[in-house]
Amino acid sequence: MKFQLSPEQRQFSASLHDLLGGADTAAVARAWAAGSPERGLKLLRALADLGVPALLVGEGHGGLGGTRVDLVVAFEALGYHAVPGPLVETAAVAPAVLTGDRLAALAGGDLLATVVAPPEVPLALDADVAGVVLDLDEGEVSDVGIDLVRSVDPARRLFRITGTTRTTAADPAAFDLGVLAVSAQLLGAGQWLLDASVAYAKQRSQYGRAIGEYQAVKHLLADVVTQLELARPLLYGAAVAGETFTRDVSAAKVMAGDAAYLAARTALQVHGAIGYTAEHDLGLRLTKVRALAGAWGTGAFHRERVLAGLR
């Protein structure tokens, strides 16, 4: 199957990168992690103006009526720039659950959502800024109580929630849409790590030569390119899958997670000691990849789903 993005999808991607490239997302993420979400909320509003939360919302509720491919395009860019906030939950999952005026509010950027789906998603991301909390098994949560739980990625503010639930009809694909979006984030983060490593290898000199001229470094980076390029068609293939969506999105999550993890390890090797410093933006992606690799199902969970889908 030959697959290419449409001109509109390429332009959408370019618009997102233009916005996020000038938004100093590293500073936004650090402020978000510190419990100061003001700059992050402003950025989320700008993303809403570009239509990100409206992608999977029908036109009858003020959405764009987009496709899963559109979602992947958006979340690759969001992952590349390490944008904080409950974007997976708001743009990918909640449209399959919410209805009526609140669905329109979500599409317009006036409502943020967060989600739990135990046991794979036991904690709610950024519940302190979300206007609605959804449990994919039990329904919407009301009278919400939240308790912050420390995350390996400080910019992913996770909360244990309590409250009462009422049944809300959810699309059976809601969970898989979350997996798809997280997989795209992983691929985007991996691409940033590769780009940053290549740039650093050209700048950093050792023994009178740029370290990127050494064959060992070239091989490390080439391995990352290979893994990312193998993961990308699986991701987009899952986005256009029909009855095999569950199996295919799990395969994409495994491959995207492995590729991003390799990119993270390689980036740390290439950057050396500077990569360990809190001030370097590399650290934001290292912790992001580590957290997302287990988010919305571990590798073992998704390998089991792939195996079950092949039986």
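The values are calculated or read from the model by the stated rules, or taken from the named source; none is laboratory data. Only a predicted model underlies this, so the values are computations on that prediction, with no experimental measurement involved. Methodologically, a virtual Cβ is constructed for each residue, glycine included, from the backbone with ideal geometry; neighbour enumeration extends over all protein chains shown. Ligands, DNA and RNA are stripped out before the accessible areas are found, and what is left, the full protein with its side chains, is counted by its heavy atoms. Shrake-Rupley method; radii C 1.70, N 1.55, O 1.52, S 1.80 Å.
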Task: Accessible area of Asp223 in the full protein assembly, 1.4 Å probe (Å², nearest 10) - done: 90 Å²
Open item on the list: Projecting each Cα onto the charge dipole of the chain (Lys/Arg +1, Asp/Glu -1 at the beta carbon, about the Cα centre), which of Leu112, Ala82, Phe245 comes out farthest on the positive side?
Closed with: Ala82
Task: Principal semi-axes in Å for the stretch 233-300 [√(5λ), Cα gyration tensor, largest first] - done: 29, 11, 9
- [ ] Report, to two decimal places, the Cα Rg of the chain normalised by 2.2 N^0.38 Å (N = number of residues).
- [x] 0.98
Open item on the list: From the phi angles alone, apply the Karplus equation (6.51, -1.76, 1.60; θ = phi - 60°) to the stretch 11-18 and give each ³J(HN,Hα) in whole Hz, x where the residue is Gly or Pro.
Closed with: 5, 4, 4, 4, 5, 5, 5, 5
Task: For the chain, calculated [θ]222 nm from helices alone, where every DSSP H run of n ≥ 4 adds -39500 (n - 2.57) - done: -17500 deg cm²/dmol
Open item on the list: Using Cα-Cα distances under 8 Å and only pairs 6 or more residues apart, what relative contact order does the stretch 183-277 have, in percent?
Closed with: 40 percent
TODO: Would you kindly find the accessible area of Leu134, with a 1.4 Å probe and non-protein molecules such as ligands, DNA and RNA excluded, rounding to the nearest 10 Å²?
DONE: 0 Å²
Open item on the list: Quick query: amide H of Val116 versus all other amide H atoms, modeled in the peptide plane; which residues come in under 5 Å with a sequence gap of 5 or more or a different chain?
Closed with: Leu134, Asp135, Leu136
Task: Cut-off under 5 Å, modelled amide H: who pairs with Leu158 long-range - done: Asp126, Val149, Ser151
Task: Ala278-Asp223 FRET efficiency (beta carbon distance; Förster radius 22 Å; 0.05 resolution) - done: 0.20
Task: Selection from Ala256, Ala210, Trp32 lying farthest towards where the dipole of the chain points positive, charges on Cβ - done: Ala210
Open item on the list: Order 245-258, 11-24 from most to least packed using the mean count of other Cβ atoms within 10 Å.
Closed with: 245-258, 11-24
TODO: Would you mind checking which residues have amide H under 5 Å from Gly139's amide H? H placed 1.01 Å from N; only 5 or more apart, or other chain.
DONE: Thr168
Task: In Hz, Karplus ³J(HN,Hα) per residue of the stretch 66-73 (6.51, -1.76, 1.60; θ = phi - 60°; x = Gly, Pro) - done: x, 10, 5, 5, 4, 4, 4, 4
Task: Estimated dipole of the chain in Debye, rounded to 20 [Cβ of Lys and Arg +1, of Asp and Glu -1, Cα centre] - done: 1080 debye
Task: Local net charge near Gly275, Cβ-Cβ under 15 Å (Lys/Arg +1, Asp/Glu -1) - done: +2
- [ ] Run the 1.4 Å probe and let me know the accessible area of Arg157, rounded to the nearest 10 Å².
- [x] 40 Å²
- [ ] Could you go through the stretch 211-227 in sequence order and give the Karplus-derived ³J(HN,Hα) for each residue, using 6.51 cos²θ - 1.76 cosθ + 1.60 with θ = phi - 60°, rounded to whole Hz, and x for Gly and Pro?
- [x] 5, x, 7, 7, 4, 4, 5, 4, 5, 4, 5, 5, 4, 5, 4, 4, 5
- [ ] Just report the Cα centroid separation between the stretch 29-97 and the stretch 204-270, whole Å.
- [x] 24 Å
